[in-house]
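Some notes on the structure that comes next.
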Amino acid sequence: MQKRYSMIGGAIAALLLAAFFVIRGFLGKSTEFQSQNVARIALCDDSDEDLCVISFGKNGADGMVIAFQLPRADYPAFQAIATNKGVENIYPCEAVASAPMIVYCTGAATPLGESLAIEIRAIEGNILIARGDFTLMALMVASSSSSFNAVIAADEKIIAPTPTPGAGYPNP
Amino acid sequence: MNNDLFANSLYVIRQNWGLVLFLLAFIFWGTLLVFAFLKKTAPRQFSDSELIALALGGWPLPALLVSLLIIFLRIVLPYTPALILALAVALAGAGWAIRVVWRKITFAFLPPVLFFLVFVFLRLGFAAETILPSYFDSAEHYRIIQVILDSQRGINFAWPTNAYYHLGYHFIIAAINLITRAAVGQTMLLFGQIVLAAIPMPLWFLIHRATESKTAAIFGVILAAFGWFMPAHAVNWGKYPALLSLLLIQFTLGVLALKHRGLLVLSAIVSIFIHTRAAILFGACGAAWIASDLWMRQPSMRRVMLAALTLAMLATLTLYIGGNPILDPILKPYWIWITLLTGLLAGSVSPSFPRLTFFPVAVMLFMLIGLFIPATSNLTLLDRPLVEITLFLPLAFLGGLGATRLPKFAVIALAVVIVAHAALTYDFSPSDCCQLVTRDDATALDWMGRHLPADARVGISSANLNFDAYGRPMLAAGVDAGIWVAPLTGRLSVPLPDSADFTSQPTRDLLCGQQVTYIYIGSKAQSFDPNVFETIQTWYDVIFSLPNAKIIQVINCNVQ
């Protein structure tokens, strides 16, 4: 009986030890970043290993929005500085509350077809974390398919108001 | 398919290790409590592997009770004292449980726990690419959870829905979020995957009780986990309460074997509080159990005839459902060789387990019949998704029974083939059908929450969906990320038909008449066409635009 308890104790100790090393491994990727190790920003479609750009967009008549995907949850708070033809614009950034791995920065629009140098600087210490060069050809990309448009054209043109979904669904 | 499964799971664990550890600790806390209670009250013939497997289905019971306590304490006390008091209760419970099992537990408890942890690892990868939980159901769950979370010390506490609605799942997630302060969507996602991993475990108990074969029990668990693409696919529909209730439904059936009346009643009530239709499923099981008892009392010739009649009714109903375009999807997960194998195995052991093979068949029959029985003017007793999600349970039970017919090596070989089939055929990643929110949508919705006026009314795309046997539509279900406008931004959303023509004067009049001040455009096939808004710049102004998400302001309503 004593031997059995020792075995159980040993198994639990081994599990705890393994858990410790696994957790330490995760934490080992320190929350502090290396200032001398400046990452290159790419589009997320090309690489999402490090900070990457999800998309560029339009914010109002003359504003621009840049959405970033963070490489890890403990990435430092930052702001973006975009330079075009020597003019520097600061883009304050906000984390998406419902999806904290997404951060978007808003600021002045940049002329299309011209190169844009983006630097990412940590709020704390103004340290350069990442940088990349982009050329924006367009800020608005339509996403609907032509087949969808055809469905629209074929459908009825009168809409009826429907109530905001409430307690009726999901079905009980 | 599934090439990135391990990498995705590791990624999810790395990014959310704190939340994952907390969720596992929470679930193991509940499991330990239930295990200790069972260990203390169950007769001695129940092994630790059986009891822990059953407890892995029963943990939502203490989890919900402590969650209700946390929510209640949060209403009457400030945050820190409420948390300390709840933690003290949880620790006291854990202390009692450890004292009960101390020096009585054997190594037999480990295999079900290890199976569960492996399933957790495999299921977590689903969350790697998911921004918010899937489909429009999740948005409503999120909204209800948010209402519970927003209740500040009783002053603003309000029942989160206008009518009766099961809230057990929502209270659990809200309590977890009160403690962890994690993003609600992420908690829903990860908790859902862990629940999914636990669902096959109580079958271990049920099959082992019936067969006294560990091999059969494990085979049943493998069947339930990987045999069909249900129940796993249900996370794509956001059917989290239904999935959570499946755990307690199995647990309740297991408690029947323990003959513990108090626990049975409590478990049944909590199951129904988590998902109302659990009551119907209990009814189907009860009716099937009575039918099987009556059947057993018949002379052998009549038994054969009645069994044939039952199978004929099941086959007829299956064929009828197969011909019904609305109900047909129920059968889709089950039209595969694994179902045939299960049927053959069950048939081969029916002489050894006559009642236990008749019972699941009768349960399936009653579940299918439940699809056609009206409960209210617009609901049937059971709906298509729930039956589709649940049919795997009686089938896996039958398969587990049938495994006793085979030599051990054949069962192992079959189990390996079933796992390989799942790895090659079923997608462990989110389905394209139901991912309404892209990263652009999440960005646009967050921007909306920060910049739109509080009284903004936002038009979103919607369509009528059909779920029941009579084709009665569910009105105005959200079809893109617009469904998340209300839960994430607090702005009122106004569902508009996905086919609305925004260039027409009647539509324009209706928008202005309804005081719709903004329109949200996502990137799904049924989203509004963003291009039409560019054509009439005197009516609409694009105020925020990303490739997959747009916010349009409706302007000049006062100008004739």
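The values are calculated or read from the model by the stated rules, or taken from the named source; none is laboratory data. In this text the structure is predicted, and so the values were computed from the model without any measurement. Heads up, the Cβs are rebuilt from the backbone with ideal geometry, glycines too, and the neighbour counts pull from every protein chain shown. Protein only, heavy atoms only, side chains kept; ligands, DNA and RNA dropped before computing areas. Shrake-Rupley method; radii C 1.70, N 1.55, O 1.52, S 1.80 Å.
For the range B:492-504, which residues satisfy the criterion of being open to solvent by 30 Å² or more (accessible area, probe 1.4 Å) and more than 7 Å from chain A (Cβ to nearest Cβ)?
Matches in the range B:492-504: B:D498, B:T503.
List pairs: first in the range B:239-252 and within 14 Å of chain A (Cβ to nearest Cβ), second among the polar types (S, T, N, Q) and assigned to a helix (DSSP H, G or I), Cβ under 7 Å, 6+ apart or cross-chain?
As it stands, the answer is B:S245/B:S271, since those pairs meet every condition given.
Please go through the range B:531-560 and pick out each residue that is aliphatic (A, V, I, L, M) and assigned to a loop (DSSP other than H, G, I, E, B). Talk me through it step by step, then tell me what you get.
Filtering the range B:531-560 for residues aliphatic (A, V, I, L, M) gives B:532, B:536, B:542-543, B:546, B:549, B:551-552, B:554-555, B:559.
Within the range B:531-560, B:I536, B:I555, B:V559 qualify.
Checking B:A403 against (1) open to solvent by 30 Å² or more (accessible area, probe 1.4 Å); (2) more than 19 Å from the chain's Cα centre (by Cα), which single condition isn't satisfied?
(1)
Yes or no: the range B:392-402 includes at least one residue that is without any contact (Cβ under 8 Å) to a residue 60 or more places away in the chain, among the small types (G, A, S) and more than 21 Å from B:A278 (Cβ to Cβ).
So in the range B:392-402, the residues without any contact (Cβ under 8 Å) to a residue 60 or more places away in the chain come out as B:394, B:398.
Now narrow it down to the ones that are among the small types (G, A, S): none.
There is no residue in the range B:392-402 that is without any contact (Cβ under 8 Å) to a residue 60 or more places away in the chain, among the small types (G, A, S) and more than 21 Å from B:A278 (Cβ to Cβ).
Condition first: among the basic types (K, R) and under 19 Å from the mean Cα position of the chain (by Cα). Now tell me which residues in the range B:34-63 satisfy that.
none
So that you can scan it fast, the table gives a plain yes or no per residue for (1) surrounded by fewer than 20 Cβ atoms within 10 Å (Cβ to Cβ); (2) at pLDDT 95 or above; (3) under 30 Å from B:F219 (Cα atoms):
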residue	(1), (2), (3)
B:I84	yes, no, no
B:G93	yes, yes, no
B:V100	yes, no, no
B:L114	yes, yes, yes
B:F119	no, yes, yes
B:E129	yes, no, no
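Just checking: which of the helices (runs of 4 or more DSSP H) contained wholly in the range B:259-341 hold 3 or more residues that are among the β-branched types (V, I, T) and open to solvent by less than 60 Å² (accessible area, probe 1.4 Å)? Please lay out each step first, then the result.
On the way: elements: B:261-274, B:278-296, B:300-322.
In the range B:259-341, B:261-274, B:300-322 are the helices (runs of 4 or more DSSP H) which contain 3 or more residues that are among the β-branched types (V, I, T) and open to solvent by less than 60 Å² (accessible area, probe 1.4 Å).
When the range B:531-540 is examined, which residues are found to be within 10 Å of chain A (Cβ to nearest Cβ) and surrounded by 16 or more Cβ atoms within 10 Å (Cβ to Cβ)?
B:V532
Determine whether the range B:398-418 contains at least one residue that is within 25 Å of B:N324 (Cα to Cα), in the same structural domain as B:V304 (by TED's automatic domain parsing) and not β-branched (V, I, T).
If we filter the range B:398-418 for residues that are within 25 Å of B:N324 (Cα to Cα), which is where we start, we get none.
No, the range B:398-418 has no match at all.
If A:A109 passes every condition in (1) touching a Gly at 6+ places or on another chain (Cβ under 9 Å); (2) within 11 Å of chain B (Cβ to nearest Cβ); (3) at pLDDT 80 or above but one, which one does it miss?
Status for A:A109: all satisfied but (2).
Could we say that B:L19 is open to solvent by less than 40 Å² (accessible area, probe 1.4 Å), in contact (Cβ under 8 Å) with a residue 40 or more places away in the chain and closer than 21 Å to B:R261 by Cβ here? Break it down stepwise before answering.
Values: open to solvent by less than 40 Å² (accessible area, probe 1.4 Å): yes; in contact (Cβ under 8 Å) with a residue 40 or more places away in the chain: yes; closer than 21 Å to B:R261 by Cβ: no.
No; evaluated as a whole, the condition is false for this residue.
Restricting attention to the range B:276-290, does a residue exist that is at pLDDT 95 or above and of a type in the set (S, T, Y)?
No - not one qualifying residue is present in the range B:276-290.
What pairs can you find where one residue is in the range A:106-123 and within 24 Å of B:I543 (Cβ to Cβ), the other is part of a strand (DSSP E or B) and open to solvent by 40 Å² or more (accessible area, probe 1.4 Å), and their Cβ atoms are less than 6 Å apart, with a gap of 6+ or different chains?
A:G107/A:N89; A:A108/A:N89
On the given criteria, is B:A420 closer than 18 Å to B:R143 by Cα, of a type in the set (G, A, S) and at pLDDT 95 or above?
Numbers: closer than 18 Å to B:R143 by Cα: no; of a type in the set (G, A, S): yes; at pLDDT 95 or above: yes.
Criteria not met by B:A420.
Identify, please: which residue in the range B:532-547 is of a type outside the set (V, I, T) and at pLDDT below 90 and is, among those, nearest to B:S499 (Cα to Cα)? Don't jump to the end; show me each part of the working.
Within the range B:532-547, the first condition is being of a type outside the set (V, I, T), and the residues that meet it are B:533-534, B:537, B:539-541, B:544-547.
Add one more test, that the residue is at pLDDT below 90, and what stays is B:533-534, B:537.
Values: B:F533: 14, B:E534: 17, B:Q537: 20 Å.
Among those residues, the one meeting the criterion is B:F533.
How many residues are of a type in the set (D, E) and open to solvent by 10 Å² or more (accessible area, probe 1.4 Å) if we restrict to the range B:49-82? If you could, list the steps in order and put the result at the bottom.
As a first pass, look at the range B:49-82 and keep what is of a type in the set (D, E): B:50.
Next, only the ones that are open to solvent by 10 Å² or more (accessible area, probe 1.4 Å) stay: none.
Count: 0.
Which number in (1) surrounded by 15 or more Cβ atoms within 10 Å (Cβ to Cβ); (2) not in a helix (DSSP H, G or I) marks the one condition that B:P351 misses?
(1)
Select from the range B:416-433 the residues that are surrounded by fewer than 14 Cβ atoms within 10 Å (Cβ to Cβ) and within 16 Å of B:A127 (Cα to Cα) and list them in ascending order.
Listed by number, the residues that qualify are B:D432, B:C433.
So which helices (runs of 4 or more DSSP H) are wholly in the range B:407-503 and hold at least 3 residues that are closer than 16 Å to B:I519 by Cα?
Where helices (runs of 4 or more DSSP H) fall fully within the range B:407-503 and carry at least 3 residues being closer than 16 Å to B:I519 by Cα, they are B:439-451, B:485-489.
Can you pull out the residues in the range B:501-546 that are over 30 Å from the mean Cα position of the chain (by Cα) and touching a residue at least 40 places away in the same chain (Cβ under 8 Å)?
B:L511, B:C512, B:Q514, B:Q515, B:V516, B:T517, B:Y518, B:I519, B:F544, B:L546
Can you list the helices (runs of 4 or more DSSP H) found entirely within the range B:1-64 that contain at least 1 residues being farther than 17 Å from B:A108 by Cα, out of contact with any Phe, Trp or Tyr (no Cβ under 6 Å at 6 or more places or on another chain) and not β-branched (V, I, T)?
Values: elements: B:5-15, B:17-41, B:48-58.
Fully inside the range B:1-64 and qualifying: B:5-15, B:17-41.
Can you find a residue that is modelled with pLDDT of 95 or more and either outside the structural domain of B:W237 (by TED's automatic domain parsing) or among the small types (G, A, S) (or both) anywhere in the range B:317-326?
no
Report yes if B:L475 is of a type in the set (A, V, I, L, M) and modelled with pLDDT of 90 or more, otherwise no. Outline the logic, then answer.
On the way: of a type in the set (A, V, I, L, M): yes; modelled with pLDDT of 90 or more: no.
The answer is no for B:L475.
Name the residue that is farthest from the other protein chains (Cβ to nearest Cβ), counting only residues in the range B:505-530 that are assigned to a helix (DSSP H, G or I) and surrounded by 14 or more Cβ atoms within 10 Å (Cβ to Cβ). Reasoning before the result, please.
Initially, the range B:505-530 is screened for residues assigned to a helix (DSSP H, G or I), giving B:505-513.
From what's left, surrounded by 14 or more Cβ atoms within 10 Å (Cβ to Cβ): B:507-508, B:510-512.
Numbers: B:T507: 6, B:R508: 10, B:L510: 6, B:L511: 9, B:C512: 12 Å.
The extreme case among them is B:C512.
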